[in-house]
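Asks: Structure provided below as structure tokens; questions to follow.
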Amino acid sequence: MKKSAREISAEVTFPGRKMDFGFEFKDLPRYWNDNDPFKTHFMNALSCLFLEGERMFIDAVRDHQHLITDPRLQEQIKSFIKQEAIHGNEHHQFSKYLDSLGYPATKVEAFERKEKVWMKKWMPARRRLAITCAVEHFTAILAHQVLTNPEATEGMDPRFKEMWLWHAIEETEHKAVCFDAYEATGGKYFMRVFAMFNVTWMFLLRATIVQCIFLWKDGKLFSPSVWKSGFSFYWKKPGLIRSVWNDYKDYYRRDFHPWDHDNREELGKWQAGHENYKVV
């Protein structure tokens with residue numbers, strides 16, 4: 001008998017991993033993603049936004065941890081916090097490398113930090129957790145593309161590709177933790193989907209602004225070839241937006257759960273070929 005998404009979620013276990021990728025960021029080419037400024041700066045922009053986002057996710061779930069009685073979910077939350085903390089450190093190190101190339105990456109992080117401090121002070125904890133659930137769904141569906149769509153990683157520097165695959169695996173492993181915490185503490189449907197509606201345009205707007213700043217720094221913001229590449233990246237079959245659309249809109253179903261998208265097979269494939277990490 002096929003297991004339900006919530007049964008799958010209850011069984012998923014995962015550690016915090018300290019990885020050794022065997023390279024330094026300074027060894028990367030400037031356009032490490034398919035030698036393409038648009039694709040490279042799309043990923044660079046996401047990386048800059050992830051640090052403070054992940055810190056906010058940790059705070060949001062911690063603020064509800066005392067309300068959760070399920071020991072299984074408590075253990076998953078502990079592992080989630082470990083994974084996100086390690087991710088944040090890796091993204092910050094990469095931001096410092098981007099600074100060395102002339103991009104204002106740590107300034108982007110500082111701006112994001114101020115906003116997250118404001119949110120923690122003035123925004124209700126339940127709403128921050130709803131926002132966290134929405135962003136975690138975004139990262140989960142992007143991670144699924146990294147893991148399953150060869151075109152998503154084709155042309156990436158192979159050393160950096162390994163780092164993004166690791167991040168994608170861990171985003172997949174813990175994709176339901178905040179969602180389960182939200183439901184377990186009385187989170188309601190309307191707030192969840194309202195948060196996703198707001199997160200969608202804010203997330204895309206922020207990523208685009210940062211990406212444009214980086215392209216401007218390179219003198220490529222108004223390059224027709226760059227934006228032709230961008231159009232293909234988003235829309236040309238299969239295209240990022242086409243690829244994630246069905247998974248994205250599922251979030252608006254009342255009965256949605258992140259493990260409705262059961263991609264545990266990808267976890268097994270990655271784990272079978274990777275032992276170069278320290279469990280923390």
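Asks: Say we look at segment 16-65 and pick out the residues that are basic (Lys, Arg) and within 21 Å of the chain's Cα centre (by Cα); which of these is surrounded by the most Cβ atoms within 10 Å (Cβ to Cβ)?
Replies: Result: Lys39.
Asks: Against the definition (within 16 Å of Ala207 (Cβ to Cβ), in contact with an Asp or Glu (Cβ under 9 Å, 6 or more places away or on another chain) and assigned to a helix (DSSP H, G or I)), how does His137 come out, yes or no?
Replies: The answer is yes for His137.
Asks: Report the residue count in segment 218-256 for those that are without any contact (Cβ under 8 Å) to a residue 12 or more places away in the chain and either under 19 Å from Thr139 (Cα atoms) or part of a helix (DSSP H, G or I) (or both).
Replies: Residues in segment 218-256 being without any contact (Cβ under 8 Å) to a residue 12 or more places away in the chain and either under 19 Å from Thr139 (Cα atoms) or part of a helix (DSSP H, G or I) (or both): 16 in total.
Asks: For Asn89, state whether it is at pLDDT below 95 and in contact with a Ser or Thr (Cβ under 7 Å, 6 or more places away or on another chain).
Replies: Taking the combined requirement at face value, the residue does not satisfy it.
Asks: Test Ala168 against the criterion of being closer than 30 Å to Gly22 by Cβ, among the small types (Gly, Ala, Ser) and under 14 Å from the mean Cα position of the chain (by Cα), and give yes or no.
Replies: So Ala168 fits the description; yes.
Asks: Inside segment 72-114, can you point out the residues that are under 26 Å from Lys161 (Cβ atoms) and either of a type in the set (Phe, Trp, Tyr) or in contact with a strand residue (DSSP E or B) (Cβ under 6 Å, 6 or more places away or on another chain) (or both)?
Replies: Phe80, Phe94, Tyr97, Tyr103
Asks: Would you say Asp36 is among the acidic types (Asp, Glu), farther than 29 Å from Ile213 by Cβ and touching a helix residue (DSSP H, G or I) at 6+ places or on another chain (Cβ under 9 Å)?
Replies: No, not satisfied.
Asks: Would you say Gln76 is touching a helix residue (DSSP H, G or I) at 6+ places or on another chain (Cβ under 9 Å), touching a residue at least 60 places away in the same chain (Cβ under 8 Å), crowded, with 24+ Cβ neighbours inside 10 Å and of a type in the set (S, T, N, Q)?
Replies: Values: touching a helix residue (DSSP H, G or I) at 6+ places or on another chain (Cβ under 9 Å): yes; touching a residue at least 60 places away in the same chain (Cβ under 8 Å): yes; crowded, with 24+ Cβ neighbours inside 10 Å: yes; of a type in the set (S, T, N, Q): yes.
It is true that Gln76 is touching a helix residue (DSSP H, G or I) at 6+ places or on another chain (Cβ under 9 Å), touching a residue at least 60 places away in the same chain (Cβ under 8 Å), crowded, with 24+ Cβ neighbours inside 10 Å and of a type in the set (S, T, N, Q).
Asks: Of everything in segment 257-280 that's assigned to a helix (DSSP H, G or I) and within 19 Å of the chain's Cα centre (by Cα), which residue is surrounded by the fewest Cβ atoms within 10 Å (Cβ to Cβ)?
Replies: Among them, the one singled out is Arg264.
Asks: Looking only at helices (runs of 4 or more DSSP H) that lie completely in segment 1-105, which have at least 2 residues being polar (S, T, N, Q) and under 15 Å from Cys178 (Cβ atoms)?
Replies: Working: elements: 5-11, 37-65, 71-100.
Output list reads 71-100.
Asks: Listed residues Arg242, Arg254, Arg192; which is under 30 Å from Lys78 (Cα atoms) and either of a type in the set (Val, Ile, Thr) or surrounded by 12 or more Cβ atoms within 10 Å (Cβ to Cβ) (or both)? Explain how you work it out, then say what you get.
Replies: Details: Arg242 fails: under 30 Å from Lys78 (Cα atoms); Arg254 fails: either of a type in the set (Val, Ile, Thr) or surrounded by 12 or more Cβ atoms within 10 Å (Cβ to Cβ) (or both).
One residue alone meets the criteria, Arg192.
The values are calculated or read from the model by the stated rules, or taken from the named source; none is laboratory data. A quick note: this is a predicted structure, and the numbers were derived from the prediction, not measured. Note that each Cβ is placed from the backbone with ideal geometry, even for glycine, and that neighbours are counted across all protein chains shown.
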